[in-house]
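In what follows, a structure is listed as structure tokens, so that the remarks can point back to it.
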């Protein structure tokens, strides 16, 4: 793989470390110490245009090592070289335009801090833009950028280990943290993208997206017309939507964690007209809708496979649009989703299967038992709660969740066959225990001490009120035995009378 | 000390108190006399500011409606029956009301000793007998040494012995300069405690007479108090009148003044009329306010059948 | 009849000059009321029921997690919210409704009011006393519950338990206020308690079901639905708890999302104001009625 050419093999290293630059004059310092919001920790301030000059001086295949410092310039890499930061190298775009533009193939950009792009959405101001194949963008930190890494027709590229942080703008005025346009066979690995708009793949086939983290964006990962993509072991938290697949074919989703993606649509995973996909061993927790399926699988070439996923505490575990047919769910854990399986509108789930052979799913609301201890419930799992049924029809009724009225309705639904809705779906072999969760929640330590402290506080408060009432202290008064006093009455009466 | 001016109280269409006027100078003791429903309790509740009414009532110069709290501070009140937190200890109750009366500290033991409840301090109220409860109520009423005592049929739920004891206790209190207003339908109580008697009839104060005159009007030697079921009282009145007696009705029966030689006369008359007497008491009356306590006689004949 | 001119007030040597202050009387009455309430078997019953049911709910919720070590978003808390919605209003409404009416029936009220006390002092004193007993009951119940959860190492966020305790108390205050109003209006204790239970049923079930039916039949808009449910203090409590614990109402679907987006940070203030109205208004009305009407 040519982008793995080691920089050590590069023959000539161009070192620029003149004494005049290492110890800048007072004038130069003053010139660059213009007011800026950031606390500067860079040891030296460099003159403008320096990196450009070094690139101009470099030859094809060379590695340009840029010494630590702050560079206020816009860099164009026009020849196949490696540009490597030595220490903390900050390239500041000054809030204007793009910052690094790569127009030549086989370029490596490694270890820079690139920040402060323009905010022009029409011009799509980007921290790093490549328009040539086989670029490697690695271990850079992108801060305060509109678009982060924007690859246009750059197949066979590598985007690895970058941290991409967007500008603190409204979601509508942000740019994409990562965008691939016609970048077949690209590897996107180990990046962290936050506070951007989307990480999006357009028309890119054979891309691998793994071990990335995306949080507080709009779409954690968005595929458009991108086929044969592998998405593995990523984590998407607090985005509007975790992973959204559109019009793509041949997608594997494995071992991803989709947690608390709760935007207006709020899908953990959304599939729209996606074909030949498998969704395996993902952890989908606390999203508005765990998995949203619209028109997928798109053809009947291959059933949509959902296996070994854990869907827990989502408002809706899986939401099927009426157009969703041909999905097979096996060995998934459905744990305390308020609505485990929902059908939008008045659709039916008939064309989807909730068990296969002897493999069903685990349903936390399963009420049956397992007398023969084979791990499979003795009764089929049928889902029909009246309130879910009402909610599917009238979503605004969710407002009454967790109220006794909801329970009253469900009780009526169970007790009165006349209003009992048809079962939404049937799992004939429900599992008694959840299947092993591939990637358990990165357990925040259970706040036992704090909980105990609050328990203690509450009990103390209650005790204090009781003590205030004196209810506890009255025992002594009560224990004194009453004395017979019939004679006393008369005596006292006489005393008063006298 | 108490000034009642043109007080009218209606419950719906029923007039309970009708244009009542009554003034008690300090140290005065007035009994409200009348049958049940004559408006005694209602008037007392107006004095306590418990009811809304037309007219004006001042206690110690304070309007009971506008400054009821201050006015009630001058009043010690004993109800017909002490209804209170049953679970409360006796001494606790005294201290509680002491606080409500603005006393900094209450010597509960001393108060209770004053009414002969020494030794019952740690009992609960519900463990007390009726008479003891009334004495507790009296102890509470006397907290803070109020200038006015208001008593509402305080002996009505006591038996004869309890009644006698309680009245004697109250007598010990009169003459201490306290103003006393009390409702009663027992002659001996009125005779013992009142200086004047306000006779109420269907809400109106019929007349206010000195106690001596009132007692005299009832008869000479003694008053026979006959306890009769309500439905036969009217008939008994007619029979007795026909038999030459001058009966009066009160809350539980009929009072018949009798001379010493014809004490059994009313029984004969009633027996002839087939009227059953549930219980009776014979109260001998001394004329004048220096009377010793009324002699209660013959409380053994529980039931006299016709 | 004695002439008015002869009348003159007499200063008694030991008479107390001034009646005790408002605050002192309220305090005296409330302490007595608190003591009486705490000693009653209802207090023990409710406290125990609350703790036991709370624990049951917590363990059932935890068991629903299938033991996979996932800490859900306040699943336990959601169960506890439901429990509070059922038990706390019942507790507070019956306690409040029994207070004045049963005193009246026992003749205790007349006796108390014959003392140098104003009616507002009696009402407020009883309110404060009962409120303190409810506070004790709730904090003991939830405290025991939280203690056992901590001991068993079940994941429940302490902040949510504390929020729940505080909001339950606020709800209890409102329901107590309503109960006292019922108590002041009713002539008999049995009628008062019966009315309280009817009101409880109405708030817990009937109102919500009616709004739901209305939402389906009349095609209510989301904001109308939200406004209607804000009229029910129980719904306010529920939404506030969810908002406090989860920092978002979007779990309640479109209406919740609308609330979050439209009001955002002011939601705390809105919910607080709604509950405050439920606390203050019935109590003020009760106080006015109690002062103007004959209390006996």
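The values are calculated or read from the model by the stated rules, or taken from the named source; none is laboratory data. None of these values were measured; they are calculated from a predicted model. Because the Cβ atoms are built from the backbone with ideal geometry, glycine has one as well, and the counts that use them run over all protein chains shown.
Applying the selection to segment C:171-192, what residues are surrounded by fewer than 20 Cβ atoms within 10 Å (Cβ to Cβ) and part of a helix (DSSP H, G or I)?
Within segment C:171-192, C:185, C:189, C:190, C:191 qualify.
Given the criterion facing another protein chain (nearest Cβ under 8 Å), assigned to a helix (DSSP H, G or I) and at pLDDT 50 or above, identify the matching residue among C:30, C:61.
Just a single option satisfies the conditions, and that option is C:61.
Out of all the residues in segment A:296-355, which are out of contact with any helix residue (DSSP H, G or I) (no Cβ under 9 Å at 6 or more places or on another chain), within 14 Å of chain C (Cβ to nearest Cβ) and in a loop (DSSP other than H, G, I, E, B)?
Of everything in segment A:296-355, those that are out of contact with any helix residue (DSSP H, G or I) (no Cβ under 9 Å at 6 or more places or on another chain), within 14 Å of chain C (Cβ to nearest Cβ) and in a loop (DSSP other than H, G, I, E, B) turn out to be A:308, A:309, A:314, A:331, A:332, A:337.
Conditions tested, residue by residue: (1) assigned to a strand (DSSP E or B); (2) outside the structural domain of residue B:24 (by TED's automatic domain parsing); (3) within 23 Å of residue C:38 (Cβ to Cβ); (4) in contact (Cβ under 8 Å) with a residue 12 or more places away in the chain.
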{"residue": "B:66", "(1), (2), (3), (4)": "no, no, no, no"}
{"residue": "B:77", "(1), (2), (3), (4)": "yes, no, no, yes"}
{"residue": "B:80", "(1), (2), (3), (4)": "no, no, no, yes"}
{"residue": "B:122", "(1), (2), (3), (4)": "no, no, yes, yes"}
{"residue": "B:132", "(1), (2), (3), (4)": "no, no, no, yes"}
{"residue": "B:138", "(1), (2), (3), (4)": "no, no, no, yes"}
{"residue": "B:150", "(1), (2), (3), (4)": "yes, no, no, yes"}
{"residue": "B:162", "(1), (2), (3), (4)": "no, no, no, yes"}
{"residue": "B:168", "(1), (2), (3), (4)": "no, no, no, yes"}
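Condition check ((1) facing chain A (nearest Cβ under 7 Å); (2) surrounded by fewer than 18 Cβ atoms within 10 Å (Cβ to Cβ)) across all residues:
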residue: C:204; (1), (2): yes, no
residue: C:214; (1), (2): no, yes
residue: C:218; (1), (2): no, yes
residue: C:225; (1), (2): yes, no
residue: C:236; (1), (2): no, no
residue: C:252; (1), (2): yes, no
residue: C:256; (1), (2): yes, no
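Hey, can you tell me all the residues within segment C:239-251 that are free of Cβ contacts under 8 Å to residues at least 40 places away in the same chain and under 24 Å from the mean Cα position of the chain (by Cα)?
If the condition is that a residue be free of Cβ contacts under 8 Å to residues at least 40 places away in the same chain and under 24 Å from the mean Cα position of the chain (by Cα), then C:239, C:243, C:247, C:249 are the ones that fit.
Would you confirm whether any residue within segment C:113-128 is farther than 22 Å from residue B:65 by Cβ, more than 8 Å from every other protein chain (Cβ to nearest Cβ) and buried (at least 24 other Cβ atoms within 10 Å of the Cβ)?
yes
Of everything in segment C:1-19, what is at the interface with chain B (Cβ under 9 Å from one of its Cβ atoms) and either assigned to a helix (DSSP H, G or I) or modelled with pLDDT of 85 or more (or both)? Give them in sequence order.
Across segment C:1-19, the qualifying residues are C:4, C:6.
For segment B:96-120, which positions are more than 8 Å from every other protein chain (Cβ to nearest Cβ), buried (at least 20 other Cβ atoms within 10 Å of the Cβ) and more than 18 Å from residue B:170 (Cβ to Cβ)?
B:98, B:108
Could you list all residues from segment A:26-49 that are buried (at least 17 other Cβ atoms within 10 Å of the Cβ) and at pLDDT 50 or above?
None; the set is empty.
List every residue pair whose Cβ atoms lie under 6 Å apart, where the two residues are 6 or more positions apart in sequence or sit on different chains, the first residue falls within segment A:42-58 and is within 18 Å of residue A:87 (Cα to Cα), and the second residue, located anywhere, is modelled with pLDDT under 85 and in a helix (DSSP H, G or I).
Pairs that qualify, where the first residue is within 18 Å of residue A:87 (Cα to Cα) and the partner is modelled with pLDDT under 85 and in a helix (DSSP H, G or I), are A:45/A:32.
Of all residues in segment B:70-84, which are surrounded by fewer than 21 Cβ atoms within 10 Å (Cβ to Cβ) and either farther than 30 Å from residue B:12 by Cβ or at the interface with chain C (Cβ under 8 Å from one of its Cβ atoms) (or both)?
Selection gives B:70, B:81, B:83.
Take the residues in segment A:391-416 that are surrounded by fewer than 19 Cβ atoms within 10 Å (Cβ to Cβ) and either in contact with a strand residue (DSSP E or B) (Cβ under 6 Å, 6 or more places away or on another chain) or not in a helix (DSSP H, G or I) (or both), then tell me which one is nearest to the other protein chains (Cβ to nearest Cβ).
A:394
Scanning for something assigned to a loop (DSSP other than H, G, I, E, B), surrounded by fewer than 21 Cβ atoms within 10 Å (Cβ to Cβ) and under 29 Å from the mean Cα position of the chain (by Cα), does segment A:365-378 turn up at least one residue?
Looking for residues that are assigned to a loop (DSSP other than H, G, I, E, B), surrounded by fewer than 21 Cβ atoms within 10 Å (Cβ to Cβ) and under 29 Å from the mean Cα position of the chain (by Cα), one finds at least one in segment A:365-378, hence yes.
Working only within segment B:86-117, note down all residues that are within 27 Å of the chain's Cα centre (by Cα) and on the phi > 0 side of the Ramachandran plot.
Answer for segment B:86-117, where residues must be within 27 Å of the chain's Cα centre (by Cα) and on the phi > 0 side of the Ramachandran plot: just B:116.
I'd like to check something: does segment B:36-55 contain any residue that is buried (at least 23 other Cβ atoms within 10 Å of the Cβ), in a strand (DSSP E or B) and in contact (Cβ under 8 Å) with a residue 12 or more places away in the chain?
The answer is no; no qualifying residue exists.
Only one residue in C:280, C:284, C:289 is outside any loop (DSSP other than H, G, I, E, B), closer than 26 Å to residue C:180 by Cβ and without any contact (Cβ under 8 Å) to a residue 24 or more places away in the chain. Which one?
C:284
Anything in segment B:228-243 that is in contact with a strand residue (DSSP E or B) (Cβ under 9 Å, 6 or more places away or on another chain) and surrounded by 14 or more Cβ atoms within 10 Å (Cβ to Cβ)? List them, or say none.
B:228, B:233, B:236, B:237, B:240 - these are the residues of segment B:228-243 that are in contact with a strand residue (DSSP E or B) (Cβ under 9 Å, 6 or more places away or on another chain) and surrounded by 14 or more Cβ atoms within 10 Å (Cβ to Cβ).
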